[in-house]
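Single-structure report; data block below.
Only the coordinates and a few stated rules stand behind these numbers; no lab work does. Because the structure is predicted, anything quoted here is derived from the model rather than measured. For neighbour counting, all protein chains shown are included, and Cβ atoms are generated from backbone atoms with ideal geometry for every residue, glycine included.
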Amino acid sequence: MKSEGVSTGLKLWLIFFLLFFLMQYPVDLSIFLGLIAALAGGYISYCLTIGVAPPPAPVASVKKDGSRFNLRQRLEEAQRLTTVRSLLRLDGQRKGRSSRPRL
């Protein structure tokens, strides 16, 4: 535990001990409840002073060949595929074939 957590815990123990004692709790109970508050406060202080976590890495899409591409490239490829599919569908209809498979 870092020294900031320990010093904060000791301060909290003293504050809570005095508060419980002034509220006329028994001394044993004041010490115990102050200890619980000190441990919780010290742990919270320790966790907050650990440091800032690094920002998460951006998720990159990967093509089948392993190369990366961005959103614009994905949109362009989706638009190209849609155009190709619509052209194939029109080409099949022109030749008299239906777009549905035969059973």
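Worth a mention:
- Every pair of residues 6+ apart whose Cβ atoms lie under 8 Å, when the first sits in the stretch 10-37 and is hydrophobic (A, V, I, L, M, F, W, C) while the second is loosely packed, with under 12 Cβ neighbours inside 10 Å: Phe20/Leu29; Phe21/Val27
- Hits in the stretch 1-49 (condition: out of contact with any Asp or Glu (no Cβ under 9 Å at 6 or more places or on another chain), assigned to a loop (DSSP other than H, G, I, E, B) and surrounded by 12 or more Cβ atoms within 10 Å (Cβ to Cβ)): Lys2, Tyr25
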